[in-house]
Amino acid sequence: MTGRRVTGVLLAAGGSRRLGTPKQLLPYRGTTVLGATLEVARGAGFDQLIVTLGGAAQAVRDTVSLDGADVVTVDDFGTGCSASLRVALGRVHPDAAGIVLMLGDQPEVDTALVRRLLTEGSGSPVTVCRYTDGIGHPFWLSRSVFGELAQLHGDKGIWKLIESGSVGVHELAADGTVPLDVDTWDDYRRLVESVPR
């Protein structure tokens, strides 16, 4: 690792309004969408791993192994990802140099890329992954931007910060296209079809 403490933050508090069923619990690769994403996060070697839950929190706790994770519940999860991020920031270890932000419905993120983000991206206030078709998660967010992060609101707050020009943003080249995240049944079908037979 980098010699500094780093916290992984996995956002999994969504209410799955468009799906009508908890996307965290959809079957994927012998586990669930969230279970597979957790395996990626655990493989990255974070010093601390925070998982945010909101909609379907109890069902997730009953179904997915959250061993080793610092689980926080987000009461106002319906107001967007920024609410989850604010709650998670309150649990980040005081010695952590920053966080790596991951989405709980994005199980195809490469663990090796997360590790590269820790070693190559953690020198900047913000580092994003530049895939062949655009920018995507995971993101490195230094402690120096925690104040700005705590002020964000809505579902795309983090993107507004990245695009604002108010903080230094570094891009880390990533292979392939932005990993699928599951918001609709179409997304889930494409995710399942992407698994090698």
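Quick notes on this one:
- Answer residue from the stretch 124-135, given it is in contact with a strand residue (DSSP E or B) (Cβ under 7 Å, 6 or more places away or on another chain) and more than 10 Å from residue 174 (Cβ to Cβ) and is most open to solvent (accessible area, probe 1.4 Å) among those: 125
- Meets criteria (of a type outside the set (A, V, I, L, M) and surrounded by 14 or more Cβ atoms within 10 Å (Cβ to Cβ)) for residue 55: yes
- Qualifying positions in the stretch 136-157 - under 21 Å from residue 49 (Cα atoms), open to solvent by 10 Å² or more (accessible area, probe 1.4 Å) and among the aliphatic types (A, V, I, L, M): 150
- Flag if residue 10 is closer than 22 Å to residue 180 by Cα, in a strand (DSSP E or B), open to solvent by less than 10 Å² (accessible area, probe 1.4 Å) and not polar (S, T, N, Q): yes
- Complete set of residues in the stretch 69-123 that are assigned to a loop (DSSP other than H, G, I, E, B), surrounded by fewer than 21 Cβ atoms within 10 Å (Cβ to Cβ), of a type outside the set (D, E, K, R) and modelled with pLDDT under 90: 80, 122, 123
- Within the stretch 169-197, tally of residues that are out of contact with any Phe, Trp or Tyr (no Cβ under 7 Å at 6 or more places or on another chain), loosely packed, with under 13 Cβ neighbours inside 10 Å and part of a loop (DSSP other than H, G, I, E, B): 6
- Look at the stretch 89-112: where a residue is among the hydroxyl-bearing types (Ser, Thr, Tyr) and a partner is surrounded by fewer than 20 Cβ atoms within 10 Å (Cβ to Cβ) and not in a loop (DSSP other than H, G, I, E, B), sitting 6+ places away or on another chain with Cβ atoms under 6 Å, you get 111/43.
- Subset of the stretch 136-160 [under 14 Å from the mean Cα position of the chain (by Cα) and assigned to a strand (DSSP E or B)]: 136, 137, 138, 139, 140, 141
- Residue count, the stretch 117-155 (criterion: more than 20 Å from residue 105 (Cα to Cα) and acidic (Asp, Glu)): 2
- Qualifying position, being under 21 Å from residue 87 (Cα atoms) and surrounded by fewer than 19 Cβ atoms within 10 Å (Cβ to Cβ), among 30, 15: 15
- Any hit, the stretch 176-183, residues being modelled with pLDDT of 90 or more and either of a type in the set (Phe, Trp, Tyr) or farther than 24 Å from residue 37 by Cβ (or both): no
The values are calculated or read from the model by the stated rules, or taken from the named source; none is laboratory data. Fair warning: this is a prediction, and the values are worked out from it, not measured in the lab. All Cβ positions, glycine included, derive from the backbone under ideal geometry; neighbour counts span all protein chains shown. When the accessible area is computed, the model is the full protein with side chains, heavy atoms only, and any ligands, DNA or RNA have been set aside. Shrake-Rupley method; radii C 1.70, N 1.55, O 1.52, S 1.80 Å.
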